[in-house]
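Report on the following structure.
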Amino acid sequence: MSDVFERVKKIVVEHLDVEEDKVVEKAAFIDDLGADSLDNVELVMAFEEEFDVEIPDDAAETIQTVGDAVKFISEKLGK
Amino acid sequence: MSRRRVVVTGLGLVTPLGCGVGHVWSRLTAGHSGLARIGHFDVSDLSSQVAGIVPRADGRAGGSPDMAGVFDPDAVLPAREQKRIDDFILYGIAAADEALKSSGWEPADDAARERAGVLIGSGIGGLETIYEASITLHERGPRKLSPFVIPAMLINLVSGHVSIRNGLKGPNHAVVTACSTGAHAIGDAARLIAYGDADMMVAGGAESAITRLGYAGFGAARALSTGFNDTPQKASRPWDKDRDGFVMGEGAGVVVLEEYEAAKARGATIYAEVAGYGLSGDAYHITAPSEDGDGGFRAMRAALASAGMAPGDIGYVNAHGTSTPKGDEIELGAVERLFGPAASDLVMSSTKSSVGHLLGAAGAVEAIFSILAMRDGICPPTLNLDNPSVDSVINLAPHKAVSKSLDAVLSNSFGFGGTNASVVFKRA
């Protein structure tokens, strides 16, 4: 779990150009981290690349916070 | 409807001679060349291997941060934003920044922002973005395409970014007329002000088509110079008997246009008045100009008519002059016919001999050169004009700039599809 969080955090910092300490589990990509809808699409693609998982569009829509992303990816990897 | 007067109050340049109006103009009039061998992509299988490349601080194409007038992408946008736009948008934003800064224009309130617009075009747009995206789509499938592919390559996104960046809420428009784009953009934007749609417009052109696809495509059309790959600074030689095609350049030219009374009232530096604008179509061929130069002739005649001027009022013509075997002589013939006896007093040069052909940015960059020629009384030279292929009474300013007091100047731009534009500037 913590490994997934750290890797997600690294991607978010790089793509959204935000301070590391702002990237906490509760942080919402759009409301807290300044992302727009296109940023979100790009983030999801970056997660897919990093973790070699597929995140379908309907699942991507439910990923609103850093914690959502970590949870979804961890579950995918756990299978 | 009475037309309002329109003046130029700001200038911005990103060119193969560097960026910044002062830097570029001093190099241009000193007879420097911005042309070089292409080093930033593989040209070994391409017929033309020379180009006018913007010297960049990020090391692309041999640029280095300590060069004078170097273009620094990081000074324009953070790295993350740069990745989301094609280079032509980056150049357009930078040139617009300089033009706005030099104009000193500041909106008094939101109403002023709503009367201020943007009209910056491009001939080709995000060619490299399209090329790379095509490869990604082919090799990795649609799910691997960035959501920024489309906004990175759309031509009107220069106007979009400049509008967003500067809060300009008036007309937001773009021109796409190949190599006439920059001239059409300035002419059309001036009309938007003249007819009351806006009080201020940021106008011009931007281009970045020096890519493998751009060179392969124009090469296939046999439009590019191929005989000077080892002597790039000799490759662009308008009217010279050894010319063998154009040399592509990249960059952007952007002007700030304002309604005359408003510009005067705020004490703006007025570089020139947009006195006349003429447009025409050849109705002849997709890439070749009409043999008799009729299209260019009519564009120039219409520009003079709208300026209420006679040919003899024009002291300098910045020619389209691309260094192609056919086009140069056809344009020269059209200018000679239009000017008649006044041709013997005329100076005409092609600054493409120095910076190459900036396609959709060419008309805007050359409009700025024409305005500066009038301001300083210096007609920039036509480099490499060693042996003219035809005799002319017109002074084509071979090799060296010509000093001449100028009250009005004309800039020509002709594009694929047979689209022609001429813009006349005079002292305000």
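The values are calculated or read from the model by the stated rules, or taken from the named source; none is laboratory data. If you're wondering where the values come from, they're calculated on a predicted model, not measured in any experiment. A quick note on method: Cβ atoms are made from the backbone with ideal geometry, for glycine too, and the neighbour counts reach across all protein chains shown. Side chains are part of the model used for accessible areas, which takes the heavy atoms of the whole protein and leaves out ligands, DNA and RNA. Shrake-Rupley method; radii C 1.70, N 1.55, O 1.52, S 1.80 Å.
Residues that are among the β-branched types (Val, Ile, Thr) and open to solvent by 80 Å² or more (accessible area, probe 1.4 Å) within segment A:56-79 comprise just one, A:62. Scanning segment A:33-52 for residues being more than 10 Å from the chain's Cα centre (by Cα), away from every other protein chain (no Cβ under 12 Å) and open to solvent by less than 90 Å² (accessible area, probe 1.4 Å) gives a total of 3. From the list B:155, B:135, which residue is open to solvent by 20 Å² or more (accessible area, probe 1.4 Å), more than 14 Å from chain A (Cβ to nearest Cβ), over 18 Å from residue B:198 (Cα atoms) and not in a loop (DSSP other than H, G, I, E, B)? Unique residue meeting the criteria: B:135. The strands (runs of 3 or more DSSP E) found wholly in segment B:262-362 include none carrying at least 1 residues that are at negative phi and at pLDDT below 95. Take residue B:312 and decide whether it is open to solvent by 50 Å² or more (accessible area, probe 1.4 Å), without any contact (Cβ under 8 Å) to a residue 24 or more places away in the chain and more than 28 Å from residue B:158 (Cβ to Cβ). No. The numbered conditions (1) within 11 Å of another protein chain (Cβ to nearest Cβ); (2) part of a strand (DSSP E or B) are all true for residue B:150 except (2). Under the condition of being assigned to a helix (DSSP H, G or I), in contact (Cβ under 8 Å) with a residue 40 or more places away in the chain and not acidic (Asp, Glu), the residues counted in segment B:104-126 number 2. When segment B:60-83 is limited to residues that are within 14 Å of another protein chain (Cβ to nearest Cβ) and part of a loop (DSSP other than H, G, I, E, B), the one that is most open to solvent (accessible area, probe 1.4 Å) turns out to be B:83.
Residue B:259 passes every criterion in (1) farther than 23 Å from residue B:404 by Cβ; (2) open to solvent by 10 Å² or more (accessible area, probe 1.4 Å); (3) under 22 Å from the mean Cα position of the chain (by Cα); (4) among the charged types (D, E, K, R) apart from (3).
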